[in-house]
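First comes the structure, then the notes that go with it.
Since every read-out is calculated from the coordinates, none of them should be taken as a lab result. Everything numeric in this text was worked out from a predicted model, so none of it was measured. Don't worry about glycine lacking a Cβ; one is built from the backbone with ideal geometry, like all the others, and counts go over all protein chains shown.
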Ligand code: AMP
């Protein structure tokens, strides 16, 4: 089993790439953002707890997200691999994630970090707003806040994986296919190393 953290700021292309990678390699893909949006839509207690937080572009509480991840890990113990998209997003989430993984006799193999300049992110998120229907894409202030939150709270998560020699930066600009090819190259090298 190979566990991959797909990392990068909002608008970096994590969701698009995670979907393509999971199809190519037969991996499962979990986006904590998608799970939370589903909970909001269904009006669950978790959803009610985070609706306004998400609409402001802030982060959901660590305990809530860690609960989602633990449920996921327990129910996906037997598969070729997992892609974690949008998680972990704080240093505390990263540390607690390792505890959860260890409890389930698993580990993270690699963090693939998509690198995209800010101006490009804003451009992409505004475009995405036209099709995504996401309230947090529709407002430029919320977009900017999400990028700020990423810089203040999330970017440091890369250091956590770098310290474990699990960090691989990947150029996130260019065509979707070019970025995909770079990600595949990195994954193929991890697979070869594990074989
Ligand atoms: P995303 O779909 O990854 O852009 O996430 C959308 C929103 O969901 C974020 O702005 C947060 O409000 C919330 N969210 C998703 N993943 C996390 C996480 N790992 N920690 C905290 N909040 C999260």
FRET efficiency for residue 175 and residue 45 from the Cβ-Cβ distance with R0 = 41 Å, rounded to 0.05, comes out at 0.45
Computed over the stretch 22-65, the Cα gyration tensor eigenvalues, each multiplied by 5 and square-rooted, give semi-axes in Å (largest first) of 23, 11, 9
In whole µm²/s, the translational diffusion coefficient that Stokes-Einstein assigns to the stretch 1-129, given a Kirkwood hydrodynamic radius over C-alpha pairs, 37 °C and 0.692 mPa s, equals 213 µm²/s
Cβ density ranking, 10 Å radius, fewest first, applied to 77, 22, 165 yields 165, 77, 22
The relative contact order of the stretch 71-195, taking Cα pairs under 8 Å that sit 6 or more residues apart, comes to a percentage of 32 percent
FRET efficiency for residue 193 and residue 156 from the Cβ-Cβ distance with R0 = 22 Å, rounded to 0.05, comes out at 0.25
In nanometres, the difference between 0.36 nm per residue of separation and the alpha-carbon distance of residue 92 and residue 115 is 6.0 nm
When 103, 56 are arranged by how many other beta-carbons sit within 10 Å of their Cβ, fewest first, they go 103, 56
Connecting every pair of Cα atoms under 10 Å apart in the chain and solving the GNM, the largest mean-square fluctuation among 42, 124, 89 falls on 42
Going from the fewest other Cβ atoms within 10 Å to the most, one would list 46, 37, 193 as 193, 37, 46
When all Cα-Cα pair distances of the stretch 56-113 are considered, the percent exceeding 19 Å is 26 percent
Mean projected area, convex hull of alpha-carbon positions in the stretch 57-195, reported to one decimal in nm², is 9.3 nm²
